[in-house]
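Just below is one structure, and these are the notes that go with it.
The values are calculated or read from the model by the stated rules, or taken from the named source; none is laboratory data. Computed from a predicted model, the values in this text were never measured in an experiment. FYI the Cβ positions are ideal-geometry reconstructions off the backbone, even for glycines, and counts take in every protein chain you see. In case anyone asks, the SASA skips ligands and DNA or RNA and just uses the protein heavy atoms, side chains included. Shrake-Rupley method; radii C 1.70, N 1.55, O 1.52, S 1.80 Å.
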Amino acid sequence: MHTKVHRIDPGSKVRMKDLDPEATPLCDDKADGKERCVELETRLGELQELLFAEHKHRVLVILQGMDTSGKDGTVRHVLNGMSLSGARVVSFRKPTQEELDHDFLWRVHEKTPGEGEIAVFNRSHYEDVLVVRVHNLVDEKVWRKRYKQINEFEKTLAATGTTILKFFLNISKNEQRKRLQERIDDPKKHWKFQHGDLEERKLWDDYMGAYQDVLEKTSTKWAPWHVIPANAKWYRNLVVADVIKDALESLKMEYPVIDLSAEVVE
Ligand code: AMP
Ligand code: MG
């Protein structure tokens, strides 16, 4: 698939209004899309085993998006075919006091993947220029500097062997209304409901402004953003899986060559 259509070119201007959460430009058939996604999940499993066996590359996947945008669902699909010994998810929540006592990247750096590993971040250091900005949790002069600090941090990770893939799961405000309402209406979804999400929803426009800056200022050659239309869950899963598959294939990984010719099984 030509997933480049969803990639933000470094340095390009971004207008949130132009990013359509409903679009499915790379696949117009849901049944076909779902079928391809199942194949992709199997392929991702094979590639992850190779990543683990080769023990040479590190892969970091970052998922961001508004509440109900499908971060958890995407994690489930991406990791579905993978072995949990080399693939893990890291969820970033409100920082602890100890974390707040350090620089904002401290808690993030230690969770980055090691050789042979894939780590999927459910939220990330981007919260430090999203929720933190929207709620004025630090002074503007502090968060303003973070875009550059983030770019430099990610550049260091990339230069030392980490492939970084960033996804903004783009749902519409109306889709969020439906999904929050479902959480209220469906007893099986009550556990997902947080009253705070309704308060955050009131700040939708502020969040969109903050996301626009993130996409404009931190889509780089070494760590590009992909904006995934995410109103349709099947399309979201398909594109995210395909981008990760392409990235893993481009690493040209090979199983280690080990001479076992002298080994005899008695
Ligand atoms: P959830 O993803 O539903 O488990 O919620 C996690 C919560 O933690 C969200 O409300 C985030 O905005 C919040 N959070 C994550 N990172 C930070 C951060 N660096 N500063 C403040 N809040 C954060
Ligand atoms: Mg939540």
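Numbers below:
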read-out	value
The range 51-86, residues that are farther than 23 Å from ALA159 by Cβ and away from ligand 1 (no atom under 16 Å from the Cβ)	ALA53, HIS77, VAL78, LEU79, ASN80, GLY81, MET82, SER83, LEU84, SER85
Considering residues of the range 185-202 that are over 21 Å from VAL134 (Cα atoms) and among the basic types (Lys, Arg) only, the residue most open to solvent (accessible area, probe 1.4 Å)	LYS188
Residue list for the range 203-225, filter: within 13 Å of LEU130 (Cβ to Cβ), touching a strand residue (DSSP E or B) at 6+ places or on another chain (Cβ under 8 Å) and of a type in the set (S, T, N, Q)	THR218
Where a residue in the range 7-21 is on the phi > 0 side of the Ramachandran plot and its partner, wherever it lies, is part of a helix (DSSP H, G or I) and at pLDDT 95 or above, with Cβ under 9 Å and at least six apart	GLY11/GLU216
Count - residues of the range 203-249 that are open to solvent by less than 30 Å² (accessible area, probe 1.4 Å) and of a type in the set (D, E, K, R)	3
Residue in the range 234-253 that is of a type outside the set (A, V, I, L, M) and in contact with a Pro (Cβ under 8 Å, 6 or more places away or on another chain) present	yes
Test set (1) closer than 27 Å to ASP197 by Cα; (2) of a type in the set (Val, Ile, Thr); (3) in a helix (DSSP H, G or I); (4) away from ligand 2 (no atom under 16 Å from the Cβ) - VAL38 fails condition number	(1)
Residue match in the range 209-217 (condition: within 13 Å of ligand 1 (Cβ to nearest atom), within 16 Å of ASN174 (Cα to Cα) and at pLDDT 95 or above)	no
Any pair with Cβ under 8 angstrom, 6 or more apart, that starts in the range 88-115 at a residue that is more than 21 Å from ALA159 (Cβ to Cβ) and open to solvent by 100 Å² or more (accessible area, probe 1.4 Å) and ends at one that is within 16 Å of ligand 2 (Cβ to nearest atom) and not small (Gly, Ala, Ser)	ARG93/ARG123
Condition check for HIS195: within 13 Å of ligand 1 (Cβ to nearest atom) and more than 18 Å from the chain's Cα centre (by Cα)	yes
Pairs, first in contact (Cβ under 8 Å) with a residue 40 or more places away in the chain and among the β-branched types (Val, Ile, Thr) in the range 127-143, second more than 9 Å from ligand 1 (Cβ to nearest atom) and not in a helix (DSSP H, G or I), C-beta under 6 Å, six or more apart	VAL134/LEU203
